[in-house]
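Here's the structure, in structure tokens; my notes come after.
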Amino acid sequence: MKKVILSAILSLLVGTLMAQKFAFVDSDYILKKIPSYKAAQEQIDKLSAQYQKEIEEKYAEVDKMYQDYQAEKVLLTEEMRKKREDDVIAKERSVKELQVKYFGKDGLLFKKREELIKPIQDQVFNAIKELANEGGYAVIFDASASPNMLYTNPRYDKSEEVLQKLGYNQ
């Protein structure tokens, strides 16, 4: 009796799973086809390069301060040496704080990315969600984010349909 119930439940589960519709999209492909995303990414890349250059210049100043200190160290009194060491350490600390301010997890670059890219990603997500609801898909995978998708049949790729929903026709 248990075997009959177990096999009935198992066949019901398999039948339910087989009836589900699946598809996939390539979010990287979709985003690269959106001009506003490209522009936002270029703006973020420029800002990142600008911040990186500023940080490197500040570290060069710290390095110069340290080199100068090393060269003059033998001529300085103990009190003067301590002050110069403290100055170098303080300057280096301020550069590290600036680096965190720019590149930290809640830094200016992260906030700019949120401001520029998140709305575009939200539009893509909403288009995918709409496509899933209209097509009756149980799951839509992201091929660009999943290294576990060893093979995907192009027939189930809905990336172009998402782009069409967003108004980017090929």
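Every number in this text was worked out from the coordinates using simple rules, so none of it is lab data. Only a predicted model underlies this, so the values are computations on that prediction, with no experimental measurement involved. We place every Cβ from the backbone using ideal geometry, glycine too, and count neighbours over all the protein chains shown.
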Checklist entry - Given the range 20-165 reduced to its alpha-carbon atoms as identical point scatterers, what log10 I(q)/I(0) does the Debye formula return at q = 0.11, 0.12, 0.14, 0.17 Å⁻¹? => result -0.63, -0.68, -0.79, -0.97
Checklist entry - What is the order of Arg155, Arg81, Arg93, fewest Cβ neighbours within 10 Å to most? => result Arg155, Arg93, Arg81
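What net charge do the residues around Lys33 carry, taking every other residue with its C-beta under 12 Å from that of Lys33, with Lys and Arg at +1 and Asp and Glu at -1?
Details: positive: Lys32, Lys38; negative: Asp26, Asp28, Glu160.
Neighbourhood net charge equals -1.
With 10 angstrom as the radius, rank Glu79, Glu161 by how many other C-beta atoms surround their C-beta, starting from the fewest.
Working: Glu79 8, Glu161 17.
Starting with the residue having the fewest Cβ neighbours, the order is Glu79, Glu161.
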Next on the checklist: Going Cα to Cα from Lys33, which lysines come in below 18 Å? Please leave out same-chain ones fewer than 8 positions away.
Outcome noted: Lys118, Lys158, Lys165
Item to check | Separation of the Gln20 and Ile55 label points, Cα + 7 Å toward Cβ, nm | outcome: 4.2 nm
